[in-house]
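Asks: Structure in structure tokens, see below.
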2 protein chains.
Amino acid sequence: MTAEDAHLDSTFAALADPTRRAIVTRLLEGDCTVGDLAEPFEMSLAAVSKHLAILTRAGLVTQTREGRTKWCRLEVTSLRPAALWMEAFGSFGAGDLDALEAMLIQQGLAEPDQP
Amino acid sequence: MTAEDAHLDSTFAALADPTRRAIVTRLLEGDCTVGDLAEPFEMSLAAVSKHLAILTRAGLVTQTREGRTKWCRLEVTSLRPAALWMEAFGSFGAGDLDALEAMLIQQGLAEPDQP
DNA sequence: GATCCATTCAACCATTTGGTTGACGATTCA
DNA sequence: TGAATCGTCAACCAAATGGTTGAATGGATC
């Protein structure tokens, strides 16, 4: 198995969990501490820490220690190989922009159009 | 967890394996029987059958029986939600919808807005 | 030093995955 | 009818996930 394959493996595996996708979405808005990231979830801090370990192992997140807290940063470029793989199958037909925008709005990442 | 989340889960999980990605790539060239799909791999037919079950459960593949053989077809549209999710994060940050739309238009994947 | 705070480690548990082998069901064909 | 073919099912195994709790680490603070 090539290194490229291994990276796609860990990237897709990292994204195959709603908690981790939520963490990634949250990090898109800016760096966070582990505690910040754990706060919205009804699970132990240790569980979130494990999710972060999986994201870090996949290269999607980097952590830097600052005092006794740890800051997490999203490495957007690390998502690109998987995004490109998907794009190879990409059948984004015209008209799908609406569906995409609807999803982004639902996730709070975009504002509804003002008619 | 929403149904959308569940679909992203199963889609990303299905893609998090090199054998299954190879199967998907192969199916892009056209429909195949289970035996055809299994042939390139150094693993049992039963193992490939299990991989196909995972792809089928995720909605990425449909199977139709014809005599004693079974034909597998890639359902490209089923990849779209995950592809859109990746596209939103792989290349652009929040608020970059305009840039995303511009890229899609440039690639002929979307139509310009009618002002 | 004592103590709180943020985070991880360790051990445990249930479930899923990725593979094996062998038996089985369904279908075709001599 | 009987035998070969295509594919799945069942049982098993090792390893990884996703979660828990409780102890341990590394810095701040008093």
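Asks: Could you check segment B:23-60 and list, in sequence order, the residues that are more than 16 Å from residue B:76 (Cβ to Cβ) and β-branched (Val, Ile, Thr)?
Replies: B:33, B:34, B:48, B:54
Asks: Among A:94, A:102, which is touching an Asp or Glu at 6+ places or on another chain (Cβ under 7 Å), at pLDDT below 95 and open to solvent by 20 Å² or more (accessible area, probe 1.4 Å)?
Replies: After ruling out the rest, the residue left standing is A:94.
Asks: Can you name the residue in segment A:7-31 that is surrounded by fewer than 19 Cβ atoms within 10 Å (Cβ to Cβ) and farther than 19 Å from residue B:10 by Cα and is also nearest to DNA strand C (Cβ to nearest atom) among such residues?
Replies: The residue in question is A:31.
Asks: If residue A:41 passes every condition in (1) open to solvent by less than 60 Å² (accessible area, probe 1.4 Å); (2) within 12 Å of DNA strand D (Cβ to nearest atom); (3) under 24 Å from residue A:7 (Cβ atoms) but one, which one does it miss?
Replies: So the condition that residue A:41 fails would be (3).
Asks: If a residue must be part of a helix (DSSP H, G or I) and away from every other protein chain (no Cβ under 14 Å), how many such residues does segment B:52-86 contain?
Replies: Count: 3.
Asks: In addition: Just need a number here: residues in segment A:44-55 that are within 8 Å of DNA strand C (Cβ to nearest atom), open to solvent by 50 Å² or more (accessible area, probe 1.4 Å) and within 22 Å of residue A:3 (Cα to Cα).
Replies: The qualifying residues number 1.
Asks: Within segment B:14-38, take every residue that is more than 14 Å from DNA strand D (Cβ to nearest atom) and assigned to a loop (DSSP other than H, G, I, E, B) and give me the one that is modelled with the highest pLDDT.
Replies: Across segment B:14-38, the extreme among qualifying residues is B:30.
Asks: Only residues in segment A:54-71 that are free of Cβ contacts under 8 Å to residues at least 24 places away in the same chain count as the first member; pair them with residues that are assigned to a loop (DSSP other than H, G, I, E, B) and more than 8 Å from DNA strand D (Cβ to nearest atom), Cβ under 6 angstrom, at least 6 apart or cross-chain, and list the lot.
Replies: Listed by first residue and then by second, the contacts come to A:62/A:75.
Asks: Next question. If you go through segment B:1-16 one residue at a time, how many are more than 7 Å from chain A (Cβ to nearest Cβ) and closer than 15 Å to residue B:48 by Cα?
Replies: Of the residues in that region, 1 qualify.
The values are calculated or read from the model by the stated rules, or taken from the named source; none is laboratory data. Quantities reported herein were computed from a predicted structural model and do not represent experimental measurements. Reconstructed Cβ throughout: ideal geometry from the backbone, glycine too, with neighbour counts over all protein chains shown. Keep in mind that these areas ignore ligands, DNA and RNA; they rest on the heavy atoms of the full protein, side chains included. Shrake-Rupley method; radii C 1.70, N 1.55, O 1.52, S 1.80 Å.
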